[in-house]
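What follows is a set of notes on a single structure, which appears directly below.
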Amino acid sequence: MMWGLEYFSFRDLWSPMFMIFMMAIIVLYTFMVGPWKHRFAGSAPVSFSRQLSFVLAIVLLYLTQGGPLSLMGHLMFTFHMTNMALAYILVPPLLIYGIPDWMWRRLFRASFWRWGAFRLIMNPIISLGLFTLLFSFYHMPDNHDWIMTHFTVHRIYYALLFISSVMMWWHVYCPIPEWRRMTHMLTLGYIFMSGLLLTPACAMIIFASGPLFAVYNDPQVWVKAMGYCVSGDPAELLSKFEGPAFFNMMSGKDDQQLGGIVMKLLQEFVNAAALYTVFMQWYRKERSEEKDKDELLKPAAANR
């Protein structure tokens with residue numbers, strides 16, 4: 001049994017309209033970095049690694065928000081937390097890296113982006129605090145169950161989570177040098193703090209004495225949440241499967257603990273990669289400045 005996915009239709013698993021929308025974004029991006037790039041001031045060829053990064057980000061975002069992983073996230077808490085880690089920890093840096101600087105400049109050239117309100121919320125501390133607050137608030141059991149069972153609120157909250165995650169990662173991988181608001185040393189500390197601030201929410205989930213989330217343990221709450229991601233009458237799910245336990249290979253507590261561990265491990269893995277990347281950028285910058293300084297000193301030394 002593939003986690004019970006054979007019991008769901010193609011529409012339930014793959015969300016065809018959302019799939020078409022995400023494919024359209026990839027096609028549009030391909031034209032913008034290819035045949036249409038001459039329409040952008042200061043445009044330059046985009047490397048294959050950047051294009052691959054963007055496509056991978058869109059594919060992962062689709063899988064976690066509308067593809068099979070999204071449905072599996074309603075069946076097991078482990079997959080829910082996997083989706084959280086992929087969509088809000090891994091996808092944002094891939095997306096930021098995949099979009100070239102000249103495209104970002106065009107996107108943010110409108111004057112209203114320079115308003116005080118936008119500059120305030122893009123403060124690194126506020127960006128980090130906003131994402132941490134939204135993520136932690138969402139994973140308080142009562143809040144989580146309520147959001148998961150109210151479709152409109154669920155969609156809006158997920159959109160806010162994604163925007164705040166991009167804002168947070170922007171300060172780590174800012175693609176436009178003159179827009180960078182932190183030194184490399186501060187950026188290293190910023191990455192460390194991002195991991196530290198999410199630890200309490202993950203610890204609460206991992207070390208809880210029992211299942212916390214009704215969506216994954218109460219059949220009535222579960223079927224209400226499932227009604228937003230499957231076609232037909234969700235009540236039929238109860239008559240067929242009796243609840244989420246049918247699809248779960250573990251107990252509710254074990255599933256919950258594994259979900260918290262997966263989230264924390266994936267976050268630490270991505271943060272470790274970010275720390276390495278920023279440190280190497282800092283190292284190369286220092287080496288380049290030292291080399292330039294040595295080149296300037298050579299003529300003076302030769303004239304002595």
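The values are calculated or read from the model by the stated rules, or taken from the named source; none is laboratory data. What you see is a predicted model; the values in this text were computed from it and never measured. Glycine also receives a Cβ, built like all others from the backbone with ideal geometry; neighbour counts cover every protein chain displayed. Only protein heavy atoms, including side chains, enter the accessible area calculation; ligands, DNA and RNA are left aside. Shrake-Rupley method; radii C 1.70, N 1.55, O 1.52, S 1.80 Å.
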Within region 281-288, is there a residue that is at pLDDT 90 or above, among the charged types (D, E, K, R) and within 29 Å of residue 170 (Cβ to Cβ)? yes
Taking first residues from region 189-208 that are in a helix (DSSP H, G or I) and second residues anywhere that are of a type in the set (Ser, Thr, Tyr), the pairs with Cβ under 6 Å that are 6 or more apart or on different chains are 197/132; 201/136
Listed residues 161, 130; which is aliphatic (A, V, I, L, M) and in contact with a Ser or Thr (Cβ under 7 Å, 6 or more places away or on another chain)? 130
Can you work out which of the residues in region 63-103 that are open to solvent by less than 20 Å² (accessible area, probe 1.4 Å) and among the aromatic types (Phe, Trp, Tyr) is nearest to residue 40 (Cα to Cα)? 102
Output the residue which, of all residues in region 191-221 that are touching a Leu at 6+ places or on another chain (Cβ under 7 Å) and not aliphatic (A, V, I, L, M), is least open to solvent (accessible area, probe 1.4 Å). 194
Hits in region 247-269 (condition: open to solvent by 70 Å² or more (accessible area, probe 1.4 Å), more than 30 Å from residue 190 (Cα to Cα) and at pLDDT 90 or above): 253, 254
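For residue 236, indicate whether it is within 27 Å of residue 270 (Cα to Cα), among the acidic types (Asp, Glu) and either surrounded by 15 or more Cβ atoms within 10 Å (Cβ to Cβ) or without any contact (Cβ under 8 Å) to a residue 40 or more places away in the chain (or both). It would help to see each step written out before you state the result.
Numbers: within 27 Å of residue 270 (Cα to Cα): no; among the acidic types (Asp, Glu): yes; either surrounded by 15 or more Cβ atoms within 10 Å (Cβ to Cβ) or without any contact (Cβ under 8 Å) to a residue 40 or more places away in the chain (or both): yes.
Against the criterion (within 27 Å of residue 270 (Cα to Cα), among the acidic types (Asp, Glu) and either surrounded by 15 or more Cβ atoms within 10 Å (Cβ to Cβ) or without any contact (Cβ under 8 Å) to a residue 40 or more places away in the chain (or both)), residue 236 does not qualify.
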Picking from 231, 288, which residue would you name as being open to solvent by less than 90 Å² (accessible area, probe 1.4 Å), touching a residue at least 24 places away in the same chain (Cβ under 8 Å) and of a type in the set (Gly, Ala, Ser)? 231
Of the criteria (1) within 15 Å of the chain's Cα centre (by Cα); (2) modelled with pLDDT of 95 or more, which one residue 66 fails: (2)
Kindly provide the set of residues from region 104-159 that are assigned to a helix (DSSP H, G or I), open to solvent by 60 Å² or more (accessible area, probe 1.4 Å) and not hydrophobic (A, V, I, L, M, F, W, C), ordered by number. 105, 106, 111, 114, 119, 142, 152, 155
Quick check on region 176-186: of everything there that is assigned to a helix (DSSP H, G or I) and in contact with a Phe, Trp or Tyr (Cβ under 8 Å, 6 or more places away or on another chain), which residue is farthest from residue 106 (Cα to Cα)? 185
For region 45-62, how many residues are of a type outside the set (D, E, K, R) and open to solvent by 40 Å² or more (accessible area, probe 1.4 Å)? 9
Which of (1) farther than 29 Å from residue 242 by Cα; (2) without any contact (Cβ under 8 Å) to a residue 24 or more places away in the chain does residue 146 not meet, given it meets every other one? (1)
Considering only residues that are aliphatic (A, V, I, L, M) and assigned to a helix (DSSP H, G or I), look in region 94-103 and name the one that is modelled with the lowest pLDDT. 103
Just to check your reading of the model, which residue among 273, 225 is surrounded by fewer than 16 Cβ atoms within 10 Å (Cβ to Cβ) and among the aliphatic types (A, V, I, L, M)? 273
Sole exception among (1) touching a residue at least 60 places away in the same chain (Cβ under 8 Å); (2) within 24 Å of residue 237 (Cβ to Cβ) for residue 63, by number: (1)
